[in-house]
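Quick notes on the structure that follows.
The values are calculated or read from the model by the stated rules, or taken from the named source; none is laboratory data. Note that this is a predicted model, so its numbers are computed, not measured. Note that we place each Cβ from the backbone using ideal geometry, even for glycine, and neighbour counts take in every protein chain shown. For the accessible areas, the whole protein counts, side chains as well, though only heavy atoms, and no ligand, DNA or RNA atoms are used. Shrake-Rupley method; radii C 1.70, N 1.55, O 1.52, S 1.80 Å.
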Amino acid sequence: MDLVAKYQGVVGRVFGNENSGSSEDSYVERLLDRINNGVLAEDRRAAMLEFQSIVSESRAGQMAFGAMGFPVILSVLKEERDDVEMVRGALETLVSALTPIDYAKGPANEVQPTLMNSDLLSREVDNISLLLSLLSEEDFYVRYYTLQLLTALLTNSPQRLQEAILSIPRGITRLMDMLMDREVIRNEALLLLTYLTREAEEIQKIVVFEGAFEKIFSIIKEEGGSEGGVVVQDCLELLNNLLRNSASNQVLLRETMSFDQLLSILKLRGTTYRYTEQKTINLLSVLETINLLIMGGPETDPGRDSNKLTNKTVLVQKRVLDHLFMVGVESQWAPVPVRCTALHCIGDLIANHPKNLEELASKRLGEEPDLEPALNSVLRILLRTSSKQEFMAADYLFKNFCQQNPDGQTMLASTLILQPQSMIHAPVEEDINMSFGSMLLHGLTTGENEGDLETCSRAASVLSHVIKGNNQCKEKVLKIELEAPTPTLGGPEPLLHRMVKYLALASSMKSKDGKSSTSENVFVQPNILKLLIIWLSDCPNAVQCFLDSRPHLTYFLELVSNPTTTVSVRGLAAVLLGECVIYNKSNASGRDAFSIVDAISQKVGLTSYFLKFDEMQKSSLFTSAKPSLPRKPLTRSTAASIAEIEDGGNESSDQKNEHPMLTSVFDSPFVYFLKRLEADIREKIVEAYSSPKSQVTVVPAELEQRSGENDVDYIKRLKTFVDKQCHEIQDLLSRNATLAEDLAKTGGNNSSPLERKVSGGSDRVQLETMRRDLQEASQRIEMLKAEKTKAESEASTYKNLAGKTESDLKSLSDAYNSLEQANFRLEKQVKALKSGDIEALEEEAREEALKESEVELNDLLVCLGQEQSKVDKLSNRLRELGEDVDKLLEDIGADVGADVGADEEDEED
């Protein structure tokens, strides 16, 4: 269906029937006729003004424009360039036809006139070329309305407009020239180019070739940098569009413009504590630009890695860290989104970049003489901030600093020196003169109320980064001993033991209403457990220190089985117990790997224990742990909402039900680490449980008779040795049976571990043998059932086939007998004819006819007898009723006779 015809049908419904000659329809037609055929210029201009007013005020007017107005208006633009007022009116009318009217919204399924008008206008490339040619006109309003029209057209039909502009020679060039025009036109052109370059790669290349970078930074400087208005935001959005998916454009910016002008936007001017909403958006936009440069381009670009490395190096050389620390750390009045984004940028800058890591390690903030290491300042923010997002950003910075940086880890660990007793109990605000390590230890050991436990968990997260994958640092921290709270409690307490103590304390922490730990405290246990898991990983001395206190093992066994704790806590506790098995080098009774496995089997059960791993891996924390995704582009529609984000408001949709700090614990590297560790734990536990405990050391010399030993003693010693061997073998068989039993069970069994445990070793072996026999018997029964089913199926098939064959044979036999009888009669007749015995045949036929007549007569007599019986019964009944039966019979006979006589007369006639 033609689109214009469709418009006309809609206009007919709006204004009235097309053929009805409605007043509205006629009025629009008269206006268009005056515009097109008017003699007086003033009259034509007045008609144009009236028509523009109708189109701008009603949807019906926009419909009428689409149905009848396009040819007239485009004709004015093509042929009447000299009449500036008419061209202005035509352009303004077109803008009105493409601008939605909010207050006149109709039903959802109603035709949208602005979309249809946009489609009509953008359908022909010549129309777009005509509009671009108007940008060369001298009149200000002609250029202004033309840019507004192109922007409206781009909003409604972006794909078609982009293709049309690319096909028109010097189309982009004409738009770029508008950036050097007067301020109002420049701003409209800037907004149009921002929309055009969001996804059109070809347009991005042409815009860069036309000198976009120089013009963008010139406008930003003219508008006042970060203190500027929305124009600065549009410039930065255009810049980000050009850099986001193009490593070559990033190289061009770096080599032609350097990054000096970009970094100058981050300089805080005037009163730094004044952060308007627009200034916040501008800073977020320039931080997004820096982040795009750090990313180096799209992942599919082959030169991305080298470009990323170069960008990081040049940015740090240009002192970008100074600006980022000023915005993210030193400026106390900066909004939370700005501080968080700045800390993220610092973390990305130093990731896997040795020179930048060294630069950060030596970085100092403040003014002489009160300079402080930058990492100390970030740590103070991490421990003190009330913002969850700011903590996560600072923690991200420390994670990237410690990752694949053993020298940096060692440097931080070397500062872990316990402060005097007076400083241990000092308020956290007095940590200004502490070293990094002392401040961290102070945060780990501040106290035992709920607020301090949160501080402890934050410090635990940082400590886990410091010691991760670095055994030297683990041993260093392992030697830290805390002074006992009171002298009566004995000697110093290892830091690892204090962490376990705080872990237990967190599980018993109550909220003010007496309920279990609050949602704000839910991340404390996972953070401490993560530290302990990283600490014990591949560190036998840490495992030994953990097992030095017998209650630790008991507590973790209870924690794994505690149904009131979260799935993540039970899973992490199970992982830590597994580390006590795979990294256990002790031979002491009760502390070796076999004893730990035995305790897990008795207190928890192997099936239930392994189920904790499965539950944790199926939780949303594990399934949603993915590598960090690129941030969404900052546009006019999203910038205001981001600038107003409250803390915790920018969580992803699939993590709404999880605490934001809890999701930071289960990041992608830690989840991968746990999955790899789980496989080792399963293998080691099965191996330890299926092997006997080393009770006897087999030395060949023990099997030989010792010098001076008589035969009786020698025999007794050999007998004792054999008994021990038998006990060990029996114990091994028991453990194998229990292991098989546990692994064969499903995780849904609700019986207690004591009920699931088989009491005696011999019973377990017997039970296992019976289970094996039963399994084999079940398999044999299944095989026999299958064979029986197959045989029954074959028998049924053969039976059906035999029945069908028998039926066919019977039918053939009957047919054969019939043919034999017919053949016999025919032969008999032939013989009779040949012998001339015709009389015999006639006599035989007569006898057969007589037999048939007799049969019919007998049947008739039977029927008459039945009728006579009925007549007799009826007569008796009539006599009982007092009727004269004989008289009735006579009358009936007379009637019958009369009827017969009448029939005979009819026949004669």
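Annotations
- The residues packed around Asn356, meaning those with a beta-carbon under 13 Å from its beta-carbon, carry a net charge of +3 if Lys and Arg are +1 and Asp and Glu are -1.
- Calculated FRET efficiency for the pair Asn823/Glu880, C-beta based, R₀ 51 Å, to 0.05: 0.20
- For Ile185, neighbours were defined as the other residues whose beta-carbon sits under 13 Å from its Cβ, and their charges (Lys and Arg +1, Asp and Glu -1) total -3.
- Shape call, the stretch 37-101: gyration tensor on alpha carbons, a/c limit 1.5: prolate
- Protein-only accessible surface order, largest first, of Val125, Val314 at 1.4 Å: Val125, Val314
- Length gained on full extension, Lys267 to Glu199: 21.4 nm, using 0.36 nm per residue less the C-alpha separation.
- Local electrostatic count at Arg44 - Lys and Arg +1, Asp and Glu -1, tallied over other residues with Cβ under 10 Å: -3
- Per-residue SASA entry for Val522, accessible area with 1.4 Å probe, Å² rounded to 10: 50 Å²
- Furthest towards positive pole of dipole, Leu135, Val84, Ala97, structure part the stretch 56-167, Cβ charges: Ala97
- Rolling a 1.4 Å probe across all protein chains gives Tyr27 an accessible area of roughly 80 Å².
- Charge dipole (debye, nearest 20) of the stretch 223-360; +1 at Cβ of Lys and Arg, -1 at Cβ of Asp and Glu: 200 debye
- Its relative contact order, with pairs defined as Cα atoms under 8 Å and 6+ residues apart, puts the stretch 255-383 at 22 percent.
- Tail weight of P(r) past 19 Å, computed on alpha-carbon pairs of the stretch 102-195, percent: 41 percent
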